[in-house]
Amino acid sequence: MLRNILRISVDKYTSTVVLGGRQFTLKCLSQTEVLEKKNTEAFVVRQPSSRSKAFSRPAFPATHAVSSSFKLPQLLVNVILRIPMMSSLITAPKGITSTRDISPPKSVRGMVTLDREKFKQKVYVPGILVSAQGIRDIVRHFNSHLLRLTKVQPFVDLSDDDPNVKKSRVMLLDPQQHPTKDSFTEEESDMLKSKGADPDTWQLYELDMEYENWNGEDIFKAVLPIESEGFSSYTVIGHIAHLNLKDALLDYKHLIGQVLIDKFKTIKTVVNKTNTIDNTFRNFQMEVIAGEDNFITTAKENGCQYKMDFSKVYWNSRLGTEHERIVKLLKPGDKLYDVFAGIGPFAVPAGKKKCTVLANDLNPESHKWLQENLKLNKVGGQVQTYNLDGREFIRTVAKADLVSWYREDKYPLQSVHFVMNLPAMALEFLDSFKGLLSGHPTILHENSVLPMVYCYCFSNASDHLEDIRERVATYLSKEVAQKVQIRFVRNVAPKKDMYCVIFQLDKCVLLWEGENEETGNSEECEPERKKSKHEDTVAH
Ligand SMILES: C[S@@+](CC[C@H](N)C(=O)[O-])C[C@H]1O[C@@H](n2cnc3c(N)ncnc32)[C@H](O)[C@@H]1O
């Protein structure tokens, strides 16, 4: 008789599995063999495809006995245990009376080349008896107290051959919260008893842990030098995990990469950044530290998809909220000029929102993937692309487009927006707006909706507002500098923050008429004077 059917996710290194504290070797058998082989402890069949079929065909050669080096396919399988379940949990030896620490063996500290065999460790975990009927209720009230270990079920069946323990389970508990018998509060004890669990049956059970049972965090904590404070964050772009390792961890880079691939199914390539971004196209130099040498990947952000060659373009998963924030400001029918568009994280969702978008990037690779992403997201009809320097884009393409926008005046209620996300340099491009419409002095009228600019920059100054205003004054005008809104976006490095400078281009800037010839200095805008001059022109 089959005693239990459990579903587990088998990854490619698993040929053994620990269930209920016992380790089983998985054997792949055909359906006939399954029925014949009474003594097999555990075997694997593919998940039944319909309720009416007990078993479907095995997912790999039917007669193949799984050896320790055999790689199982990644799929959900049913593991069917035929052994009496009572023997699946072993109580801890008598001398062991309390527990707290569940971690890989101390001997793995400093391991540079991953040796999975070295992660085997006996651990002791607390458990109490519960009645099978009460489990659902207990999980609802006591979930945060249960043992959380990869591939270890917190509820373990006891034998139904023994009439005394019929329909009982051992509920394994978190050793941090229940290290001893008296670790239950009165309230907890009462609640457990009322649901059919007995805190007085607390005892320690022995589990044989191995590499598969530890999660990535356990492994990094056990292996990496204590003083390095572990390996912290990384970003994931499709199948690529992107790290920026501190020098102290570089010796461990291959181990870190391999553990990430083992522990996160979607990660197939792990790269480490090898320089700071200081090139024109803002892409990283990177080194593959584990997995496939494949940089073509697809990221998802705000309901859109972005395909790219991650080694050749700029992509930052941490900017999703910022992209969304700007796109939310746009209305259907608005005009967006995306001066440093990258592969399209402003342009694509703006196109989806039925804005008319002109998107530009100097990097031919970004431009290529931008076009690809317009197709992928079906917004080609809304977005035109350019492969120009940002200054040239503003002074030629955007200028011509703006002139016809204001001249035709077809959409008087729609807004115009410039987004400029090249924080290291974008402020220096602001002078491109000076006199952009000066050849068309009568084109703007009193009710023209003037363009909004969202220009990104970095600042590490203690008075960042002053620092940013000074730069706006240098590249555009003192008047605009006093009026800009400056919004914090994110911290990018110690003492280096990213900001968004927001302002409306006024007629004074757009109709500016060039340098003061006598002094060689730029004339400052005087909005009131320019405005009346413009009104005069209109009046005449
Ligand atoms: C920081 S990325 C921003 C990309 C995208 N807008 C985003 O938010 O992810 C800046 C982009 O500007 C492009 N770029 C750099 N210098 C440029 C220039 N002079 N003119 C136009 N694009 C430029 C880079 O290729 C890069 O794609």
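Please treat every number below as a calculation from the coordinates, not as lab data. As the structure is a computational prediction, the values presented were derived from the model and not from experiment. Note that each Cβ is placed from the backbone with ideal geometry, even for glycine, and that neighbours are counted across all protein chains shown.
Segment 430-476 and segment 327-381 have Cα centres spaced 22 Å apart. With the charge dipole of segment 316-539 set up from +1 on Lys and Arg Cβ and -1 on Asp and Glu Cβ about the Cα centre, the Cα lying farthest toward the positive end among the listed residues S477, P332, L413 is that of P332.
Given axes a ≥ b ≥ c from the Cα gyration tensor, I'd like to know whether segment 194-340 is rounded (a/c under 1.5), prolate (a/b larger than b/c) or oblate. Note, shape of segment 194-340 comes out oblate. Cβ crowding within 10 Å, taken as a proxy for footprinting-reagent exposure, orders E322, E470, E117 from fewest neighbours to most as E117, E470, E322.
Please report I240, I138 as a ranked list, fewest other C-beta atoms within 10 angstrom at the top and most at the bottom. In increasing order of surrounding Cβ atoms, one gets I138, I240. Remark on T91: its backbone amide H falls under 5 Å from those of E206, a criterion applied only to residues 5 or more positions apart or on other chains, H modelled at 1.01 Å from N.
The calculated FRET efficiency for I296 paired with I502, based on their beta-carbon distance and R0 = 51 Å, is about 0.90.
With neighbours defined as other Cβ atoms within 10 Å of a residue's Cβ, the residues K122, K221 order from fewest to most as K122, K221.
Can you bin segment 316-539 into rounded, prolate or oblate? Criterion: square roots of the alpha carbon gyration tensor eigenvalues sorted a ≥ b ≥ c, rounded for a/c under 1.5, prolate for a/b above b/c, oblate for the rest. Cα axes put segment 316-539 in the oblate bin.
Among the listed pairs K151/K265; K478/K507; K331/K483; K118/K221; K399/K507; K335/K478, those with a Cα-Cα distance over 20 Å are K331/K483; K335/K478.
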